[in-house]
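Student: Take this structure first; my questions come after.
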């Protein structure tokens, strides 16, 4: 039974996962090597729960109790007694493998490990641990407190008990699980990211401006936000990483990352988090950069 959850990585995904786990009544150990990032995460969680309180989705006592369940730390030893660890580090296989190599000796032998990867092979990541049968993918959507879906991905070695336990946890968190096979980018990003990449190609080839492309998809396809605005929200570095996984993993030219997407990432224009991407966010209202 899962009672205490470790979350590794206090960035956008990690703080969201800690948020929903704590609100659902679980003790959470929120770990990051950057103490400053942990402080930012705690402020973000508090702010986001305040918004839920203002909408009468959460009561003030529930908020206080949830925040008290989150235990921030930059020490891996604090994860020694958790029942499940959810890794939510950057979408980089080498980084994730290093984390698993470091934490496995710290964890109890029966502790489960889940990765929040949005595209990388779960089987391959599991092989870098000492417990591939207790390892699986648990891909939350961004922003975690709002989005209802969690993709559950079994590696080739994941046992049935691990899958069942993580599925039950997902439902307890108030999320809807969707089972995905361990193919590059799984379900959501296999479909979503090529659409975003095609929107970047449409911009690159001069078919339409940033504003025209996003307006066309919002009003013509009834999307809640345009694909370039969505790319900025996701992070252009993450978009590129997923496209590279698809391109390399499926060896199909239709997944080739758009050169303009590569150029933006090289410039450090990563979207909202960098204040510039397909839009410039440094003023009062976002302004298209092309």
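Student: Which one of these does residue 248 not meet: (1) over 18 Å from the mean Cα position of the chain (by Cα); (2) buried (at least 18 other Cβ atoms within 10 Å of the Cβ)?
Tutor: (2)
Student: Return the pairs, sorted by first residue and then second, in which the second residue is loosely packed, with under 10 Cβ neighbours inside 10 Å, the first residue lies in region 54-69 and is outside the structural domain of residue 174 (by TED's automatic domain parsing), the beta carbons are less than 6 Å apart, and the residues are 6+ apart or on different chains.
Tutor: Cβ pairs passing all conditions: none.
To keep it simple, each residue is scored yes or no on (1) closer than 23 Å to residue 206 by Cα; (2) without any contact (Cβ under 8 Å) to a residue 12 or more places away in the chain.
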{"site": "236", "(1), (2)": "yes, no"}
{"site": "239", "(1), (2)": "yes, no"}
{"site": "242", "(1), (2)": "no, no"}
{"site": "245", "(1), (2)": "no, no"}
{"site": "251", "(1), (2)": "no, yes"}
{"site": "254", "(1), (2)": "yes, no"}
{"site": "259", "(1), (2)": "yes, no"}
{"site": "273", "(1), (2)": "no, no"}
{"site": "279", "(1), (2)": "yes, no"}
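Student: Here are some residues: 71, 56. Which one is surrounded by fewer than 16 Cβ atoms within 10 Å (Cβ to Cβ) and either assigned to a strand (DSSP E or B) or touching a helix residue (DSSP H, G or I) at 6+ places or on another chain (Cβ under 6 Å) (or both)? Lay out the reasoning, then the answer.
Tutor: Numbers: 56 fails: either assigned to a strand (DSSP E or B) or touching a helix residue (DSSP H, G or I) at 6+ places or on another chain (Cβ under 6 Å) (or both).
Answer to the selection: 71.
Student: Exactly one condition in (1) closer than 21 Å to residue 122 by Cα; (2) in contact with a helix residue (DSSP H, G or I) (Cβ under 9 Å, 6 or more places away or on another chain); (3) at pLDDT 95 or above is false for residue 245; which is it?
Tutor: Condition not satisfied by residue 245: (3).
Student: So which helices (runs of 4 or more DSSP H) stay within region 130-221 end to end and still have 3 or more residues that are under 28 Å from residue 57 (Cβ atoms) and in contact with a strand residue (DSSP E or B) (Cβ under 9 Å, 6 or more places away or on another chain)?
Tutor: Values: elements: 160-172, 188-204, 210-220.
Filter on region 130-221 gives 160-172.
Student: Test each condition in (1) over 19 Å from residue 93 (Cβ atoms); (2) out of contact with any strand residue (DSSP E or B) (no Cβ under 6 Å at 6 or more places or on another chain); (3) at pLDDT 95 or above; (4) in a helix (DSSP H, G or I) for residue 233 and report the one that comes out false.
Tutor: Going through the list (1) over 19 Å from residue 93 (Cβ atoms); (2) out of contact with any strand residue (DSSP E or B) (no Cβ under 6 Å at 6 or more places or on another chain); (3) at pLDDT 95 or above; (4) in a helix (DSSP H, G or I), residue 233 breaks only (3).
Student: Ok, one more. What are the residues in region 74-109 that are more than 17 Å from the chain's Cα centre (by Cα), crowded, with 18+ Cβ neighbours inside 10 Å and assigned to a loop (DSSP other than H, G, I, E, B), if any?
Tutor: 82, 83, 107
Student: A further question follows. Are any of the residues in region 20-35 touching a residue at least 60 places away in the same chain (Cβ under 8 Å) and under 18 Å from the mean Cα position of the chain (by Cα)?
Tutor: yes
Student: Can I ask one more? Would you check if residue 218 is closer than 30 Å to residue 3 by Cβ and either within 24 Å of the chain's Cα centre (by Cα) or in the same structural domain as residue 270 (by TED's automatic domain parsing) (or both)?
Tutor: The answer is no for residue 218.
Student: Let me ask you something else. Within the bounds of region 136-155, is there any residue that is out of contact with any helix residue (DSSP H, G or I) (no Cβ under 6 Å at 6 or more places or on another chain) and over 20 Å from residue 16 (Cβ atoms)?
Tutor: Looking for residues that are out of contact with any helix residue (DSSP H, G or I) (no Cβ under 6 Å at 6 or more places or on another chain) and over 20 Å from residue 16 (Cβ atoms), one finds none in region 136-155, hence no.
Student: Please enumerate the residues belonging to region 112-129 that are assigned to a loop (DSSP other than H, G, I, E, B), within 18 Å of residue 82 (Cα to Cα) and without any contact (Cβ under 8 Å) to a residue 60 or more places away in the chain. Before you say what the answer is, go through the steps one by one.
Tutor: At the first step, the residues of region 112-129 found to be assigned to a loop (DSSP other than H, G, I, E, B) are 116-121, 127-129.
Keeping just the survivors that are within 18 Å of residue 82 (Cα to Cα) gives 116, 129.
The one that is assigned to a loop (DSSP other than H, G, I, E, B), within 18 Å of residue 82 (Cα to Cα) and without any contact (Cβ under 8 Å) to a residue 60 or more places away in the chain: 129.
The values are calculated or read from the model by the stated rules, or taken from the named source; none is laboratory data. What you see is a predicted model, and the numbers here were worked out from it, not measured in a lab. Note that each Cβ is placed from the backbone with ideal geometry, even for glycine, and that neighbours are counted across all protein chains shown.
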